[in-house]
1. Which residues, taken from the range B:1-28, are open to solvent by 20 Å² or more (accessible area, probe 1.4 Å), touching a Leu at 6+ places or on another chain (Cβ under 8 Å) and under 24 Å from A:Ala213 (Cβ atoms)?
2. For residues that are open to solvent by 40 Å² or more (accessible area, probe 1.4 Å) and part of a helix (DSSP H, G or I), tally how many sit in the range A:1-13.
3. Could you list, in sequence order, all residues of the range A:162-206 that are facing another protein chain (nearest Cβ under 8 Å), aromatic (Phe, Trp, Tyr) and in contact (Cβ under 8 Å) with a residue 12 or more places away in the chain?
4. Just for the range B:178-194: of the residues that are assigned to a helix (DSSP H, G or I) and open to solvent by less than 10 Å² (accessible area, probe 1.4 Å), which one is farthest from A:Asn40 (Cα to Cα)?
5. Over 16 Å from the mean Cα position of the chain (by Cα) and either open to solvent by less than 10 Å² (accessible area, probe 1.4 Å) or on the phi > 0 side of the Ramachandran plot (or both): which single residue out of B:Gly49, B:Gly107, B:Gly89 fits that description?
6. Quick check, is B:Arg83 of a type in the set (Lys, Arg) and either in a loop (DSSP other than H, G, I, E, B) or exposed (fewer than 15 other Cβ atoms within 10 Å of the Cβ) (or both)?
7. Does A:Gly56 fit the bill of being within 14 Å of chain B (Cβ to nearest Cβ) and either in contact with a Cys (Cβ under 8 Å, 6 or more places away or on another chain) or small (Gly, Ala, Ser) (or both)?
8. Considering (1) closer than 24 Å to B:Glu222 by Cβ; (2) in contact (Cβ under 8 Å) with a residue 12 or more places away in the chain; (3) part of a helix (DSSP H, G or I), say which one B:Ala140 fails and leave the rest.
Amino acid sequence: MARHLAIALFLARASIQTQAQYRVDFLVQMVLALFWVVWNVAPLWLVFEIRPEVAGWTRPQAMLVMSAFLILKAVLEGLITPNLVALVDRIRTGTLDFLLLKPADAQLMVSFTKVVPAKTMDLLAGLAMAAASIAQLDPAPTPTAVLAGAAMLGAGALVLYAVWILVACVAFWVVKIDNLSFLFTSLFDAARWPVSVFRGWVRVVLTWVLPIAAMTSYPALAVLERLDLVHAVWAWGLTLGLLVGSRLAWRQAVLHYSSASS
Amino acid sequence: MRAFGTMLRIGFAELAAYRGEVVIWILTTTMPLIMFALWSTLAREAPVGRYDEAAFGAYFLSTLVVRQLASAWVVWELNYTIRTGALSGLLLRPVHPLWYFAAQNLGVVPFRALILAPLVAVAFLVFDHLPVAPTPLNLALYVWTIAWAWLLTFLVQAMFGMLALYTQQSLSFQEAWFGLWALLSGYLLPLELAPALEKVAVWLPFRAMGSLPTEIIIGHLEGPALVQGVLTQLAWAAVVLALVAFTWRRAVGRYEAFGG
């Protein structure tokens with residue numbers, strides 16, 4: 001375990017060092033990241049200027065959902081998508097060979113080869129907003145509720161990761177999947193509002209089929225102590241199932257891999 | 001002019017080869033629908049200003065249509081051709097490269113319209129009455145302002161694309177521009193719901209390439225405001241066209257044909 005952690009940290013550090021070479025670009029990215037945070041929050045903020053409550057949520061409560069969205073989006077765009085793109089490229093060009101030869105777990109290696117440090121801005125903004133929203137909640141949530149919220153958020157991040165590993169496995173058979181990642185990112189945008197904003201079959205799909213909205217609404221509901229046990233168990237059950245499933249799929253995919261270069 | 005017709009056909013043929021990808025690209029425009037979900041939640045409790053639920057439906061449906069039709073990707077194309085040196089080949093042709101890119105970007109518009117048609121039809125079925133005001137004048141102005149919005153979008157992108165001749169990579173500018181555009185063009189909310197924002201936005205180019213056609217087709221723009229909107233759009237088109245012509249001449253002199 002300690003060895004795995006060391007490998008992951010080493011890979012991430014190497015990636016950050018590579019990108020820090022382009023200093024101007026790095027700074028521009030940081031400034032842009034802040035701008036996008038404001039951009040994302042602005043409509044929700046305005047809505048609560050017009051009404052005190054929307055779909056049963058007050059402003060601090062809805063901002064809690066928004067901060068969960070920002071945190072997961074930072075994980076998605078800072079860690080998960082860049083690595084997927086890099087992996088697809090490796091499969092297409094055949095350089096995955098070199099990685100498979102190394103004496104460490106291949107899934108671990110492909111998961112941490114690329115880190116986008118500018119996304120830490122989004123992550124920090126999300127954490128700060130979460131803290132501010134929690135401080136404004138009345139009644140103040142218990143420490144247990146906050147921990148439960150963090151656990152649900154962790155489940156969300158793991159689901160994102162597992163789904164991406166599954167998508168990556170598809171790339172071993174169908175090489176061209178970059179466009180799928182754009183589609184997923186734009187679907188994930190729906191997670192920015194509390195799930196009760198959506199109605200009818202859209203809400204059903206976003207809760208149970210593509211549990212995108214659940215990823216950000218459940219953590220908030222857990223902090224507010226409004227999440228019932230059935231949903232919490234369902235969410236973690238799905239998370240563990242997807243993790244195991246994606247691991248098995250990865251093994252199959254690597255066995256199937258027939259290098260493109262040789 | 002005949003050459004432009006041929007280039008349009010080539011653009012359309014290129015698209016036919018990548019139709020699957022184009023469909024995915026169209027599907028990635030989810031933001032108007034996501035915004036509609038939020039605003040319609042408000043409107044269901046009580047109308048917001050002039051907007052009830054159906055009005056928001058019409059607004060964001062038209063926003064989606066305008067976004068799809070008045071779109072271009074010449075900034076990515078220019079960045080790519082400059083970085084790889086492929087621009088050399090285009091510069092050797094007897095037609096200005098921007099005409100080539102314009103044809104390529106325009107060739108996709110009919111296809112986008114084709115994909116959007118069923119979506120629009122479904123929306124009209126789902127809502128009993130979408131409050132659109134398609135008088136002949138409004139309809140004509142809708143098409144007219146979308147056409148100019150397309151031209152503005154194309155020229156602004158061409159402008160940012162040319163910046164790549166100075167900075168090698170100009171996609172960050174485009175990203176920042178898109179963010180500003182979305183905030184000030186009525187992409188995220190009808191501008192009249194944020195009066196302070198609207199006061200500035202009516203004079204900026206963003207609305208002219210954003211919600212102007214939409215505001216016309218749902219009948220919210222009349223009299224002097226309508227004339228002002230249409231004229232502001234033309235004025236910005238003239239300004240940007242002049243800027244592009246001026247920049248192109250100076251920028252292309254810096255072209256080094258990497259790898260060419």
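1. Within the range B:1-28, B:Ile24, B:Leu27, B:Thr28 meet the criteria.
2. Applying the first criterion (open to solvent by 40 Å² or more (accessible area, probe 1.4 Å)) to the range A:1-13 yields A:1-6, A:9-10, A:13.
With part of a helix (DSSP H, G or I) added as a condition, the list becomes A:2-6, A:9-10, A:13.
So the count comes out to 8.
3. Scanning the range A:162-206 gives A:Trp193, A:Phe198.
4. Looking only at the range B:178-194, we keep the residues that are assigned to a helix (DSSP H, G or I), and these are B:178-184, B:191-193.
Next cut, open to solvent by less than 10 Å² (accessible area, probe 1.4 Å) only: B:179, B:182, B:191.
On the way: B:Gly179: 10, B:Ala182: 11, B:Leu191: 17 Å.
Among them, the one singled out is B:Leu191.
5. Details: B:Gly107 fails: over 16 Å from the mean Cα position of the chain (by Cα); B:Gly89 fails: either open to solvent by less than 10 Å² (accessible area, probe 1.4 Å) or on the phi > 0 side of the Ramachandran plot (or both).
Matching residue, one of B:Gly49, B:Gly107, B:Gly89: B:Gly49.
6. Values: of a type in the set (Lys, Arg): yes; either in a loop (DSSP other than H, G, I, E, B) or exposed (fewer than 15 other Cβ atoms within 10 Å of the Cβ) (or both): yes.
Spelling it out, B:Arg83 is indeed of a type in the set (Lys, Arg) and either in a loop (DSSP other than H, G, I, E, B) or exposed (fewer than 15 other Cβ atoms within 10 Å of the Cβ) (or both).
7. Details: within 14 Å of chain B (Cβ to nearest Cβ): yes; either in contact with a Cys (Cβ under 8 Å, 6 or more places away or on another chain) or small (Gly, Ala, Ser) (or both): yes.
Here the answer is yes, as A:Gly56 does meet what is asked.
8. (2)
The values are calculated or read from the model by the stated rules, or taken from the named source; none is laboratory data. Remember, it's a predicted structure, so these values are computed and weren't measured experimentally. Cβ coordinates were reconstructed from backbone atoms using ideal geometry, including for glycine residues, and neighbour counts include every protein chain displayed. What goes into the accessible areas is simple: the full protein's heavy atoms, side chains included, and nothing from ligands, DNA or RNA. Shrake-Rupley method; radii C 1.70, N 1.55, O 1.52, S 1.80 Å.
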